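*Asks:* Encoded as structure tokens, here's the structure I'll be asking about.
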Amino acid sequence: MATISLGIIMHGITGRMGYNQHLVRSILAIREQGGLHLSNGDRLVPDPILVGRSADKIEAIARKHGLTRTTTDLDSALADTNNKIFFDAGSTQMRVGLLRKAIEAGKHVYCEKPISETLEEALSVAALAEQRGVKNGVVQDKLYLPGLRKIALLKDSGFFGRILSVRGEFGYWVFEGDWGVKAQRPSWNYRAADGGGMILDMLPHWRYVLDNLFGEVKAVSCYASTHIPSRVDENGKTYRADADDAAYSTFELEGGIVAHINSSWAVRVRRDDLVTFQVDGTLGSAVCGLTRCWTQHRVNTPKPIWNPDQPQTIDFYKTWDEVPETQVFDNGFKAQWEDYLRYVVEDAAWKFTLREGAKGVQLAELARQSWKERRWVDVPALAGSCVRRVA
């Protein structure tokens, strides 16, 4: 049994998602467990090099976690033949240029979503990766959430019967930054010129969730809004928030399934989790959050009677049964990183390519078109894309 070191260029790890989910809870977690077990008995140990514009920031992170490799010079990191993978969790506007540079340097690439701001750019960089023969991937972490994995298990078991509809509620109140309460999200999220907006941020997520779990998206109707037009940034300066901070979307899926997902940073939560999905079928229904899932079968469905003159006597929450914890689910980002690393070094099965990521950008574009034109918009198939059914 051998230990294999794999150099990974990590860009964008000073941001919340890049640092917490990708560096600490994925790459460092894999290192701390002794590496990734490969099918031949070898262990693969990631060797990250942190790349960023601020030497002070990346060096501070490296010191905190006992890492030794940092640089502000991306070209030198790409020139190092020991570095086989380039990963990006930086800003969407920089992503295409960074991916192109890494691909042309012969590196395998993996990145956060969305992979670009436009479908044309997304397809272009996907085609370049295919032409250069580098392995490529995009983060599609929601499919690895315990809650949605339980939904997938119910679906595969036939629990729902014929699925009729899917309803999603995502979001929470992002503080405006005044009254002495800092916002929980960076200010660029709310500036259109910086690539912000709910549609571009979340509809790429909903595309791969719907496609992989319930049926490919065939059409979209979307209305978005900028509910909070003025916010306070990280430096205490008031700015105009002109990006959409909420999107209300209805989707037609293959098989006649209707999906509706509300996404908002201007909503106060009174539900089981920050994101919930309800799936209704002829034989049963299920509701899941990030980790937990509840079901109600046809034989256990109560029979409510509409009577506005008397208080409701049924406690509807108590009529649902929680799906038990029959297995331990690892961090979703880490689980997908492990799948990606096996794809790179073992040529294991992998479907979450840049071309699949382009489908999310496509849906965001079409949702914006729907909003602008106030109508349903068809979602044409993209050549060369594929769908992975998650077990």
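*Asks:* Give just the number: which of (1) without any contact (Cβ under 8 Å) to a residue 60 or more places away in the chain; (2) surrounded by 14 or more Cβ atoms within 10 Å (Cβ to Cβ); (3) in a helix (DSSP H, G or I) does residue 318 not satisfy?
*Replies:* The one condition residue 318 does not meet is (2).
*Asks:* Which of the residues that make up region 15-33 are outside any helix (DSSP H, G or I) and over 19 Å from residue 201 (Cβ atoms)?
*Replies:* 33, the sole residue that qualifies.
*Asks:* OK, next. May I ask you to list the residues in region 1-24 that are in contact with a helix residue (DSSP H, G or I) (Cβ under 6 Å, 6 or more places away or on another chain) and either basic (Lys, Arg) or at positive phi (or both)?
*Replies:* Answer for region 1-24, where residues must be in contact with a helix residue (DSSP H, G or I) (Cβ under 6 Å, 6 or more places away or on another chain) and either basic (Lys, Arg) or at positive phi (or both): just 12.
*Asks:* Same structure again: Looking at 155, 113, 142, which one is out of contact with any Pro (no Cβ under 8 Å at 6 or more places or on another chain), under 18 Å from residue 363 (Cα atoms) and touching a residue at least 60 places away in the same chain (Cβ under 8 Å)? Spell out the reasoning first.
*Replies:* Values: 155 fails: under 18 Å from residue 363 (Cα atoms); 113 fails: out of contact with any Pro (no Cβ under 8 Å at 6 or more places or on another chain).
None of the others qualify; the one that does is 142.
*Asks:* Another question about this same structure. Restricted to region 237-290, and to residues that are touching a residue at least 12 places away in the same chain (Cβ under 8 Å) and out of contact with any strand residue (DSSP E or B) (no Cβ under 9 Å at 6 or more places or on another chain), which residue is surrounded by the most Cβ atoms within 10 Å (Cβ to Cβ)?
*Replies:* Per the stated criteria, the residue is 243.
*Asks:* Here are some residues: 41, 66, 35. Which one is within 23 Å of residue 348 (Cα to Cα) and more than 26 Å from the chain's Cα centre (by Cα)?
*Replies:* On inspection, the qualifying residue turns out to be 41.
*Asks:* Another question, then. Of all the residues that make up region 361-389, how many are assigned to a helix (DSSP H, G or I) and either modelled with pLDDT under 95 or out of contact with any strand residue (DSSP E or B) (no Cβ under 8 Å at 6 or more places or on another chain) (or both)?
*Replies:* Here the count works out to 6.
*Asks:* With in contact with a helix residue (DSSP H, G or I) (Cβ under 6 Å, 6 or more places away or on another chain), farther than 14 Å from residue 246 by Cα, in contact (Cβ under 8 Å) with a residue 12 or more places away in the chain and surrounded by 18 or more Cβ atoms within 10 Å (Cβ to Cβ) as the only criterion, which of 232, 217 stands out?
*Replies:* Details: 232 fails: in contact with a helix residue (DSSP H, G or I) (Cβ under 6 Å, 6 or more places away or on another chain).
Just a single option satisfies the conditions, and that option is 217.
*Asks:* Mind checking which residues of region 56-88 are farther than 17 Å from residue 5 by Cα and in contact with a Cys (Cβ under 7 Å, 6 or more places away or on another chain)?
*Replies:* The one that is farther than 17 Å from residue 5 by Cα and in contact with a Cys (Cβ under 7 Å, 6 or more places away or on another chain): 88.
*Asks:* Would you pick out the residues in region 40-82 that are exposed (fewer than 12 other Cβ atoms within 10 Å of the Cβ) and within 18 Å of residue 28 (Cα to Cα)?
*Replies:* 63, 64, 66, 68
*Asks:* Please verify whether region 353-360 includes one or more residues that are modelled with pLDDT of 95 or more, touching a Phe, Trp or Tyr at 6+ places or on another chain (Cβ under 9 Å) and of a type in the set (A, V, I, L, M, F, W, C).
*Replies:* For region 353-360, residues modelled with pLDDT of 95 or more, touching a Phe, Trp or Tyr at 6+ places or on another chain (Cβ under 9 Å) and of a type in the set (A, V, I, L, M, F, W, C): absent.
*Asks:* Do we find that residue 8 is in contact with a Gly (Cβ under 9 Å, 6 or more places away or on another chain), outside any helix (DSSP H, G or I) and buried (at least 16 other Cβ atoms within 10 Å of the Cβ) in this structure?
*Replies:* No: the conditions fail for residue 8.
*Asks:* So, of the residues in region 291-315 that are polar (S, T, N, Q) and in contact (Cβ under 8 Å) with a residue 12 or more places away in the chain, which turns out to be nearest to residue 139 (Cα to Cα)?
*Replies:* Restricting to residues being polar (S, T, N, Q) and in contact (Cβ under 8 Å) with a residue 12 or more places away in the chain, the top hit is 291.
*Asks:* Right, next: Exactly one of (1) more than 18 Å from the chain's Cα centre (by Cα); (2) over 30 Å from residue 49 (Cα atoms); (3) touching a residue at least 24 places away in the same chain (Cβ under 8 Å) is unmet by residue 104. Its number?
*Replies:* (2)
*Asks:* Further question on the same structure: Restricting to region 177-213, what's the tally of residues that are in contact (Cβ under 8 Å) with a residue 40 or more places away in the chain and among the β-branched types (Val, Ile, Thr)?
*Replies:* Final tally of qualifying residues: 2.
*Asks:* Inspect all residues belonging to region 200-213 and state whether any of them is among the hydroxyl-bearing types (Ser, Thr, Tyr) and outside any strand (DSSP E or B).
*Replies:* yes
The values are calculated or read from the model by the stated rules, or taken from the named source; none is laboratory data. What you see is a predicted model; the values in this text were computed from it and never measured. Neighbour counts run over all protein chains shown; Cβ positions are idealised from the backbone, glycine included.
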